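Worksheet for the structure shown next.
Derivation of every value follows stated rules applied to the coordinates shown; laboratory data play no part. These numbers were taken from a predicted model, which means no experiment stands behind them. Every residue, glycine as well, gets a Cβ built from its backbone with ideal geometry; the counts of neighbours run over all protein chains shown.
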Amino acid sequence: MFKAGFPPVRIEINISEVRVYGWESYKKISGMSEETAADLEKAALEKGSDPSEWYASFQSVPPAGGCKFPIEIWNGQQWIDIERARPGAEKK
């Protein structure tokens with residue numbers, strides 16, 4: 001994904017507070033059409049993403065450890081706080 005110009009982003013959640021489902025389970029439970037699921041998978045695979053690594057929830061996902069989500073973005077070498085990745089952000 002990164003090489004295609006789509007840097008991966010990850011958020012930290014507390015899974016003891018939210019029920020999450022792997023992609024296969026989510027497809028079945030959500031009731032999405034097979035065509036929609038196939039289109040999403042095809043687009044993802046073309047960009048280097050792996051649907052077997054996807055997770056989803058039907059609940060709102062509360063932030064882990066406070067009022068702000070810990071969000072990190074891959075910069076090609078390491079995961080960094082997304083705030084540090086913004087143009088003009090102070091580099092630490």
> Among the aspartates and glutamates, which have Cα under 15 Å from the Cα of residue 47 when same-chain residues fewer than 8 positions away are ignored?
Replying inline: 39
> Pulled fully out, how much extra length does the chain show between residue 83 and residue 45, if you take 0.36 nm times their separation in residues and subtract their Cα-Cα distance?
Replying inline: 10.9 nm
>> Run the reach check for residue 3 against aspartates and glutamates, Cα to Cα strictly under 19 Å, same-chain hits fewer than 8 apart removed. What comes back?
In response: 41, 46, 50, 53, 72
> Any idea what the dipole of segment 19-58 comes to, in debye rounded to 20, about its Cα centre with Lys/Arg Cβ at +1 and Asp/Glu Cβ at -1?
Replying inline: 200 debye
> Residue by residue through segment 45-61, which ³J(HN,Hα) values in whole Hz follow from phi under the Karplus form 6.51 cos²θ - 1.76 cosθ + 1.60 (θ = phi - 60°), with glycine and proline marked x?
Replying inline: 4, 5, 9, x, 8, 10, x, 5, 9, 8, 9, 9, 9, 8, 9, 5, 9
> Each residue of segment 70-84 in turn: what ³J(HN,Hα) in whole Hz from Karplus with 6.51, -1.76, 1.60 and θ = phi - 60°, glycine and Pro shown as x?
Replying inline: x, 10, 10, 10, 7, 9, x, 10, 7, 7, 10, 4, 4, 5, 6
